[in-house]
Protein chains: 4
Amino acid sequence: MDGYQHKVQYYETDQMGIVHHSNYIRWMEEARVDFLDRIGWDYKKLEESGLFSPVTSVSCRYRRSTGFSDCIRIYVKVEEFKGVKLKLSYKMKNQNDVLVCEASSEHCFQDASGRIVNIKKQCELFYEALMENYSEKE
Amino acid sequence: MDGYQHKVQYYETDQMGIVHHSNYIRWMEEARVDFLDRIGWDYKKLEESGLFSPVTSVSCRYRRSTGFSDCIRIYVKVEEFKGVKLKLSYKMKNQNDVLVCEASSEHCFQDASGRIVNIKKQCELFYEALMENYSEKE
Amino acid sequence: MDGYQHKVQYYETDQMGIVHHSNYIRWMEEARVDFLDRIGWDYKKLEESGLFSPVTSVSCRYRRSTGFSDCIRIYVKVEEFKGVKLKLSYKMKNQNDVLVCEASSEHCFQDASGRIVNIKKQCELFYEALMENYSEKE
Amino acid sequence: MDGYQHKVQYYETDQMGIVHHSNYIRWMEEARVDFLDRIGWDYKKLEESGLFSPVTSVSCRYRRSTGFSDCIRIYVKVEEFKGVKLKLSYKMKNQNDVLVCEASSEHCFQDASGRIVNIKKQCELFYEALMENYSEKE
């Protein structure tokens, strides 16, 4: 799957002259939203079908700094998923194809009342769509 | 009334080495929340009593740049209010008492169904609390 | 000139369920950066040629709320410019072509030492490129 | 050492009605800036003495959601430091003393030319000040 593309904005820089590290967490969300969109299970569809998916952890390793007007490509994969805890991995590369950041995030799924949902059992089609992008596949 | 105090954060700077101008809009909100708190009508109380108050306009004139770890004082006043459209004004000063920004914002009030509420008629105590801080008073 | 396109991100929403009003100020910057790019005078070129352009004021009138995954088109025009103070105007429309926000920003130009630069006199080509997009032209 | 205090702002919430997870990364920076301040080595002093300290990784585990106007206390400790790679840990608690987030960040130190600095060897007083807050001490 092609990477999601983010153009670095001026307001994302800080006084070190580089992108502030907190923005990568937001780019992960952008790429995740795009990823779910591409596999046919966009956020709106999830929320409309009563599924909420809070982020339970994030982790980010910064390899190279990035700067204003850089064009970042973000590649999302399913790292681990048995139905309850979804772990995604992210690789971010700049316009010169240099790896700038490696990251991961974990998510669970809840219904409107806050109960944990097992996607494998209760939403099989979504489970299968996710596992199509399981990282070991490649 | 004393000003609301905001300490400038590193993540609020940009690559020009100064605070990014979009943050002042957020500081206005911080000061407004604090202002409503002080006059006894905090956001939570408003939302719990079914009142929503969307921002309908903002305006900001930047007088001096501010930088990391500056301590900004923000003074809020009621500029105009007859019950429907609330106009607030803001003066921001740095730690050396230099005026750094003058701003204003406009707000309306809605009930849960989105209908416009006339605060003077429907929420008189809140109207009076606001008018205690009418700018012409000073 | 076609509008600049911004897809609304999840992290731009607030607990009212709509886009937080401070983000429009950032979208104005995105559209401005794109505008300068299109007329051949991108930020990097300006900064490399020793020109800095601080924002001296912004103003935003919110017409309709916007929400997650909305696609906003932003149209930038030169509203006023005689060489020193550049005033830009912005019209933002959603995917249904509904006007959601009208805004303006003012900018001056400085050299590296902070001195005000008259663009009409000192950077004529840039002045002409800007005036190609003067709003009265249409 | 007492925790650093952060009052949750309205603009930090998202449409789930809770604080957007990216903000915790910013709070870590706020607490870190405050921590360095308290031990006598604030960011400005570091940058003025030619030391830059990029973030090389962050990691955040969200235990409970937080919401608008919550008051978060953040406790910073030195988790690992031998002079080159500084690892800090963070514990965040809400106003009811409930643990809401556990996090860590890693940092290196560079001089103005980008060379890695060994703090233990080249800036012994700073090293000692940090090690006063080594987590195993408690």
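Just so it is clear, none of the values below were taken in a lab; they were calculated from the coordinates. Please read these numbers as outputs of a predicted model, since none were measured by experiment. All Cβ positions, even for glycine, are placed from backbone atoms using ideal geometry, and neighbour counts span all protein chains on display.
Just so you know, in the stretch C:54-81 the residues that are without any contact (Cβ under 8 Å) to a residue 60 or more places away in the chain and of a type in the set (Asp, Glu) include one that is surrounded by the most Cβ atoms within 10 Å (Cβ to Cβ), and it is C:Glu79.
If you go through the stretch B:93-124 and keep only what is aliphatic (A, V, I, L, M) and either surrounded by 13 or more Cβ atoms within 10 Å (Cβ to Cβ) or closer than 21 Å to B:Ala31 by Cα (or both), you end up with B:Val98, B:Leu99, B:Val100, B:Ala103, B:Val117, B:Ile119. Residues in the stretch A:41-76 that are in a strand (DSSP E or B) and either within 14 Å of chain D (Cβ to nearest Cβ) or touching a Leu at 6+ places or on another chain (Cβ under 7 Å) (or both): A:Phe52, A:Val55, A:Thr56, A:Ser57, A:Val58, A:Ser59, A:Cys60, A:Arg61, A:Tyr62, A:Val76. Being out of contact with any Asp or Glu (no Cβ under 8 Å at 6 or more places or on another chain), over 20 Å from C:Ser57 (Cα atoms) and in contact (Cβ under 8 Å) with a residue 12 or more places away in the chain is the filter here; which residues of the stretch B:82-106 pass it? Correct list: B:Lys82, B:Gly83, B:Val84. Of the residues making up the stretch C:77-99, just one is among the aromatic types (Phe, Trp, Tyr) and assigned to a strand (DSSP E or B), namely C:Tyr90.
When the stretch D:1-40 is limited to residues that are in a helix (DSSP H, G or I), of a type in the set (Ser, Thr, Tyr) and surrounded by 20 or more Cβ atoms within 10 Å (Cβ to Cβ), the one that is farthest from the other protein chains (Cβ to nearest Cβ) turns out to be D:Tyr24.
If we scan the stretch B:100-120, do we find a residue that is over 30 Å from B:Tyr10 (Cα atoms) and in a helix (DSSP H, G or I)? Looking for residues that are over 30 Å from B:Tyr10 (Cα atoms) and in a helix (DSSP H, G or I), one finds at least one in the stretch B:100-120, hence yes.
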